[in-house]
Structure formats: structure tokens, C-alpha cells
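Heads up, the thing below is written out as C-alpha cells.
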Amino acid sequence: MVRRGTPPLTRFRLAASQRRARTGTISDCILSALAEGSRLNIGGIDMRRYLFAAICCFIIGADWREFRGPGGQGISPEKNLPVEWSAKKNVVWKTRLPGPGTSSPVTAGSRVFVTCYTGYGLDAAKPGNMDDLKRHLLCLDRKTGDILWKKEFEPVLPEHKYQGEGAYHGYSSSTPVIEGDRLYVFFGKSGVYCFDLDGKELWHVAVGKGINGWGSGASPIVYKNRLIVNASVESGTLFALDKATGNEVWKTPGISSAWNTPVLVKAPSGETELAISVQDRLLGLDPDSGKELWKAEGVHRYVCPSVIGHDGIVYAIGGGHTSLAVKAGGRGDVTKTHTLWRKNKGSNVSSPIYHDGHIYWANDSGGVVNCQDAATGEFVYQERLEPASGLIYASPILADGKLYYVSQRNGTYVVAATPNFKLLAHNVFEDDKSRTNASPAVSDGQLIMRSDENVYCIGKK
């Protein structure tokens, strides 16, 4: 209970924090805090209007509920995050996983969720029998790393063969998304699942039967009462499902060669648009109906990197040879009217980040990190990471003025988020030689990271 006499903002924060400790859900936190706020009337002004934004930042800032965090932008407002770590330094806990995976961890309150797979595709030389393939969903205790519960899934077979570099990311690549007290998981042709946070399955639907030699990788997002799923591999379709039932609300065809996660962006008019990068085109859709609003010349290849949005502009990279910026809010083909700039360099796998007028991203195979002027696309710097990074497939994150670039097999590079390149640290888990393709999650001043073997909590104890 919040005591009388407590300052208004503190009362508001405590109400949310106490509810969050009991339930771990954003919606319940806000409702509880607003109920407390309804008793905060200062000078005839209902303080809920002014405190709502503050409490949202307080709650959401502590959680990382979807691929690349709030809004899929890869940015956290949290401070005092770790710069250096190793197998013996700044590791709060470490939990062994049943098997590998490239999905990123997500957090909600006292819990961490992550997926992986076992039984097949563990060794390129000896992939095993596909009939033995299993997928897993794990819930970990946020403070200790203890496994609270786990679910095992029988896949719909056949899946793609574990053969060739593009296939080696495996069979658990889509990052779950948490909304309120619901957890949504996408397993390609095996379908979309909805669980409560205790692991009870609420619904399961299929979004197509297609497979690709590179597998499936897009992650679901939530918009209003809809779960939006990029099923490019499974059916060449973008779906909006009722998040309560899994029933189809709308679907948009023509989503070709797109392994990226769609992103909600604000157009200059203030309207919300759904942006996605597909082969040859950058698309802006109405998230309420799925109707195409605009299109522009995009990446002339399959597209893995997700777009980002800032101040009414959509930024996209891809193909290993393209980066571009398009102003949102247009109608029809806006290539000539809304394309702000286009350059002939771009990552083929990982996604970019916008920060203070600049775009940051890493080459997937060259070990080069890039900074572009967001207004013109001109390159401010292109710097090779040392020691050599090897492949970088994980999308970077930004927090506390630092960019975190996670390489596959040579650790994490921490770079200052400024137009003047400065490598702050290079961190390696000396006892973990497994691959890492997942982005870190930011949670309560710590980083939650996963490799093919382990989940780590990095920071101060």
C-alpha cells in the first residue's frame, strides 16, 4: 500500500512498482498506478494526464518485450550499463540452454523468455535425423537465471535442411513478443502460439506451409489488438491476427524475400504506418487494414535488416549494397517524391540504429562499423573493428551512449555512440566458444545476452 503523504510522483511510481512485482505486466501496472493517480488532484488538475508518460517510461524502460526493444528501434533509455565483462567479470548469472538458437531474449518483470531447439541441426558435419527436431520455449527467473518452466514443441515437418551457411542459424530464430500478460511465439511453418506468462497455451494458428533453405527469421509485433506477423517465407503474406484469439483480421500478399520484422512508424501527419522492407520495395501500410499506402524503390535483393523510423523518416539498409531514407506519409509510388537519399553500401543481415542525427550499422562479413549522416546519407566514418570480428549477424543495440555490436564468434564490441569512432571495450566469454547471432536485451541496468549454449545476465550484482 502507498502511504499518505508520499509525494505525488513517488506515490504514482510505487503504485506501479508494487503491482508490477505481483504480476509483471505493463497493463496491470498502469491501471494500478492510474487508480492511485486518480486520487492525486492538485489545484483541480487530474495528475493522471501528466503522470501517464512518466510511469510508462518507468515500466517499459525496465523491460525489453520484443525484438530490438521498444518499437523495434534497438534503443534503451537506461543508464549505467556495463561496458566490460568476461567469463569471470560482471556476470550476474549464467544459465545453460538445452540447445542452440538465434532468437533474442525478451524480459517482463521478474521473467526472461528465450527459445531454442534440439535433436537436429546441431553439427554441420553430422546434422542428424530431422525427425528428432524439437523446439523449446524457456522462462527464466530474471534475478537468478533459474528455469521456472519450459515447453517443448513438435515441429511441422519437413523443415529446411541443415545445409549451407544460410541454414546454420537453425530453427529458433524469431524473437518472442510480450504484451501485457501474453507471450507470442512464431515458429515458421509450425505456426504462431500465444501463451500466458506461466506457459499455458491459449491459441495456436498456422500462417503458411512454405519453407526456405535459410529458414524463417521475422519476429511478431503488437499493434493495438493485433499481432502482426511477417510470413514471407511461409506464404508470402503479412498477417494481422486478433491477439486474443488468433483469428485473422487482415492479410496482405506480395511480401517477397523478406526476413525482417515490420516496424511501426509515425508519419509527419502523426498517423501510424507499418513499414517493411521486401525485395525491390520499401512499403508503408495501414496497420489497421493492411492496405498499401505507399511504396518506394528499395533493396534489390532479399532483405534481412529491419527498418527503423525517426521523425517521419524510414531508414533501410540491405543486400550488402544499399542504404536509403524515405519520408513516410506519401501515397502511391513515392520513389521520386519522398526518397531523401540512397547510397550503395549497406549491411546484408543486421539492422541499423538512429541516434542524434546519425545512422549506425555493421557490415555482416567485413567487420566494419559505419556511421552515416541521417540527413544526407554521407558516411561520417567506416572503421574496421580490432581485433577482427568475423561475421556479425546480430543487430546492434544502443543504450547509455554506447553501441553494442555482437559478433558471431569473437565477442561483443562496445563503441561510443558518437560520430567520432571510439572503441570502448571488446568483451569475450573465454569459456563459451559457441556462436552468437542474437541481440542483447536491456533490463534494469543489465544486459541479457544469449549464445548457442547459454543465457547471461551482465552487469552489477
Pull out the extension gain between Phe379 and Glu271, defined as 0.36 nm times the separation in residues minus the alpha carbon to alpha carbon distance; nm, one decimal. 35.8 nm
For a quick check: sort Val205, Val265 by the number of other beta carbons within 10 angstrom, fewest at the front. Val205, Val265
Candidate aspartates and glutamates for bridging to Lys251, where Cα separation is under 16 Å - those fewer than 8 sequence places away on the same chain excluded: Glu234, Asp242, Glu273, Asp286, Asp288, Glu292
Once both label points are put 7 Å beyond Cα along the C-beta direction, the Ile147-Leu423 separation in nm becomes 3.7
Which residues does a label at Asp132 reach in the range 142-186, if reach means a backbone N under 15 Å from a point 7 Å past the Cα toward the Cβ? 162
Counted neighbours (other Cβ, 10 Å), sorted fewest up, put Glu430, Glu201 in the order Glu430, Glu201
Among Ile221, Ile75, which comes first, second and so on when ranked by fewest other beta-carbon atoms within 10 Å? Ile75, Ile221
Using label points projected 7 Å from each Cα along Cα→Cβ, tell me how many nm separate Asp242 and Lys200, to one decimal. 1.9
Residue-normalised 222 nm signal for the chain, counting each DSSP H run of n ≥ 4 as -39,500 (n - 2.57), nearest 500 deg cm²/dmol, is -3500 deg cm²/dmol
Which helices, taking whole DSSP H runs in the chain, have alpha carbons extending 18 angstrom or more along the helix axis plus mean Kyte-Doolittle at least 0.5? 48-62
Whole-Å distance, taken between Cα centres, linking the range 330-356 and the range 189-266: 24
Share of alpha-carbon pairs per 20 Å distance bin for the chain, given as whole %: 25, 59, 15, 0
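Report the gain in length on full extension from Asn344 to Lys291: 0.36 nm times residue separation, minus Cα-Cα distance, nm rounded to one decimal.
Stretched fully, the Asn344-Lys291 segment lengthens by 16.1 nm.
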For the cross-link pairs Lys126/Lys243; Lys151/Lys224; Lys266/Lys402; Lys150/Lys461, which exceed 32 Å when the distance is taken from alpha carbon to alpha carbon? Lys126/Lys243
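Throughout, read-outs are computed from the coordinates displayed, never taken from laboratory work. Please read all numbers here as calculations on a predicted model, not as lab measurements. Because the Cβ atoms are built from the backbone with ideal geometry, glycine has one as well, and the counts that use them run over all protein chains shown.
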